[in-house]
Amino acid sequence: MSRTPLLLPTSLNAESHSTTKSGYHVYIETFGCQMNAYDTELIRSIMKARGFQFTQVDEEADVILFNTCAIRENAHNRLYGHLARYKARKKERGLVIGVLGCMAQNLKQELLDSRSWIDVLVGPDAYRRLPDLLTAALESQRKGLAVDLSEYETYAQIVPDRAGEVNGWIAVTRGCDNFCSFCVVPYTRGRERSRDPEGILEETQRLASQGVRQITLLGQNVNSYRSSGWDFARLLIEVADVPGIQRVRFTSPHPKDFPPALLEAVAQHPTICKHIHLPLQSANDRMLERMGRCYTRREYLTLVEAIRKEGPIVLTTDLICGFCGETDEEFQETYDLVKEMQYQAAFVFKYSERKHTIAARKYPDDISEQVKGYRTNEIIELQKDISLQKNQALIGSEVEVMIEGDSKKSDQQWMGHTESNVTVVWPKDDLTRVPGDFASISIQDATPSTLYGIVMSSEK
Ligand code: SAM
Ligand code: SF4
């Protein structure tokens with residue numbers, strides 16, 4: 001598989017360390033995956049250390065930032081929709097607009113266009129330069145670009161800016177070396193790097209002392225973690241052993257990196273959740289080969305068998321419909337396997353060609369939008385039925401849930417997740433419980449995505 005060199009054009013605006021006049025207000029919107037949400041916490045931390053303040057109200061802001069995702073189609077158009085909201089205001093009072101994250105590479109040319117509304121463009125490995133670039137844009141109307149990818153940047157010493165949460169995320173790897181043919185991540189986030197284990201354990205201890213009860217370890221290929229002689233299984237166990245941490249999750253693992261020690265850790269360690277997100281993408285060998293996924297259908301199924309032998313571990317997955325050249329029969333194989341696997345949940349994506357990827361260079365994107373849409377809906381509907389049946393089977397039983405906060409719809413309801421990561425909602429029955437407490441919930445009703453119940457008991 002070909003590898004593209006990842007040192008991209010260097011910054012236009014190599015600022016020295018100008019000091020920031022404190023008091024600039026920043027409003028940031030985050031799109032995409034959990035890794036982006038985590039990066040926003042790093043960005044907030046880096047900027048606060050230089051005197052910037054954050055606001056939830058965009059009208060109060062001097063700087064508007066978008067932390068973007070480039071994984072799927074329409075990201076570009078959606079971003080332009082959001083940028084358009086600030087066009088008039090930028091003209092009126094010189095607002096500075098920055099685009100951060102994975103779309104930074106794609107937008108380079110547009111930044112160079114003098115009519116562009118974008119002032120600052122910063123890629124995922126250059127957030128430390130953001131305060132200087134924004135200061136130059138605010139004070140000297142200078143445009144700034146920093147999209148270099150790094151082989152070393154892990155933001156290891158930056159403490160993410162996060163307050164009052166019971167959920168904590170820790171990125172243990174950044175970037176990805178897998179180069180699945182459809183995926184833009186290796187080009188936008190660069191080569192895979194692992195953080196040192198000591199820093200990760202210190203961060204876990206600090207989070208635990210601040211009241212975090214559930215840790216999710218993050219990485220594009222999280223289970224290929226390797227640093228200082230530690231592999232992912234060892235890291236996971238050590239994190240799960242930190243006093244005060246009651247649940248540990250990880251996402252996303254790649255099916256090719258599951259040694260027996262990792263399966264054992266998930267099955268046996270009391271604080272590691274019995275849930276594995278195991279992206280399949282396609283059940284057809286020709287498609288898997290074209291996708292560059294490094295496993296066959298048989299190898300995936302052998303892994304699933306090994307997981308199921310370890311005990312009741314819940315599986316969820318990612319699927320792509322309408323990848324280059326996918327025939328009806330090849331799609332049917334995926335549909336049939338989803339039916340057979342009975343995943344708890346699946347994220348189903350319509351294939352969208354991404355610039356620079358191996359698939360974009362090698363295979364025609366020849367499945368019509370109509371067929372892609374039809375196949376995607378077929379699997380979504382199938383999975384909805386499966387998820388509903390699984391959730392309905394829990395009606396009348398009790399599940400253990402960690403209280404995470406108010407439900408989306410009402411501050412009179414709590415929301416949390418089961419160990420298998422299904423959302424549970426129930427009425428607040430008294431005011432002594434707080435987020436981080438565990439509650440035993442008797443399930444009364446179910447939809448494909450949510451369980452509804454009443455509390456039986458709760459413990460601190
Ligand atoms: N690293 C993870 C893995 O290997 O499964 C996934 C990371 S990716 C951010 C999340 C999901 O987006 C992928 O599993 C894939 O299903 C989907 N995806 C990535 N590129 C895509 C594309 N070009 N079109 C459609 N879906 C895509
Ligand atoms: Fe993209 Fe995941 Fe493949 Fe890496 S492993 S290239 S992030 S799909």
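The values are calculated or read from the model by the stated rules, or taken from the named source; none is laboratory data. This is a predicted model, so every value here is computed, not measured. Note that we place each Cβ from the backbone using ideal geometry, even for glycine, and neighbour counts take in every protein chain shown.
Details
- In region 161-180, the residue that is nearest to ligand 1 (Cβ to nearest atom) out of those that are in a loop (DSSP other than H, G, I, E, B) and surrounded by fewer than 21 Cβ atoms within 10 Å (Cβ to Cβ) is Asn178.
- Options Gly123, Gly144: the member that is within 21 Å of the chain's Cα centre (by Cα) and buried (at least 23 other Cβ atoms within 10 Å of the Cβ): Gly123
- Pairs where the first residue, in region 32-53, is within 17 Å of Ile215 (Cβ to Cβ) and in contact (Cβ under 8 Å) with a residue 24 or more places away in the chain and the second is within 16 Å of ligand 1 (Cβ to nearest atom) and of a type in the set (Gly, Ala, Ser), C-beta under 6 Å, 6+ apart: Tyr38/Ala171
- Of the residues making up region 290-303, those that are under 17 Å from Leu337 (Cα atoms), in a helix (DSSP H, G or I) and more than 23 Å from the chain's Cα centre (by Cα) are Arg297, Arg298, Glu299, Leu301, Thr302, Leu303.
- Residue satisfying all of: in region 181-208; more than 15 Å from Thr357 (Cα to Cα) and in contact with a Gly (Cβ under 7 Å, 6 or more places away or on another chain); farthest from ligand 1 (Cβ to nearest atom) among these: Ala208
- Region 152-201, residues that are among the charged types (D, E, K, R), within 16 Å of ligand 2 (Cβ to nearest atom) and touching a residue at least 40 places away in the same chain (Cβ under 8 Å): Arg174, Asp177, Arg189, Arg191, Arg193
- Look at region 374-403: where a residue is more than 26 Å from Thr271 (Cβ to Cβ) and aromatic (Phe, Trp, Tyr), no partner that is in a helix (DSSP H, G or I) and modelled with pLDDT of 95 or more sits 6+ places away or on another chain with Cβ atoms under 7 Å.
- Among the residues of region 325-337, none qualifies, meaning not one is out of contact with any helix residue (DSSP H, G or I) (no Cβ under 7 Å at 6 or more places or on another chain), part of a loop (DSSP other than H, G, I, E, B) and in contact (Cβ under 8 Å) with a residue 60 or more places away in the chain.
- With respect to (1) over 26 Å from Trp230 (Cβ atoms); (2) in a helix (DSSP H, G or I); (3) of a type in the set (Asp, Glu), the lone exception for Glu353 is condition (2).
- Only residues that are within 20 Å of Gln342 (Cβ to Cβ) and either away from ligand 1 (no atom under 16 Å from the Cβ) or polar (S, T, N, Q) (or both) were counted across region 255-289, and they come to 8.
- Selection status of Gly32, in contact with a Phe, Trp or Tyr (Cβ under 8 Å, 6 or more places away or on another chain) and on the phi > 0 side of the Ramachandran plot: no
- Scanning region 320-361 for residues that are within 16 Å of ligand 2 (Cβ to nearest atom) and of a type in the set (Lys, Arg) returns Lys350, Arg354, Lys355, Arg361.
- Residues satisfying the stated conditions in region 261-289, i.e. surrounded by 21 or more Cβ atoms within 10 Å (Cβ to Cβ) and over 22 Å from the mean Cα position of the chain (by Cα): Ala283, Asn284, Met287, Leu288
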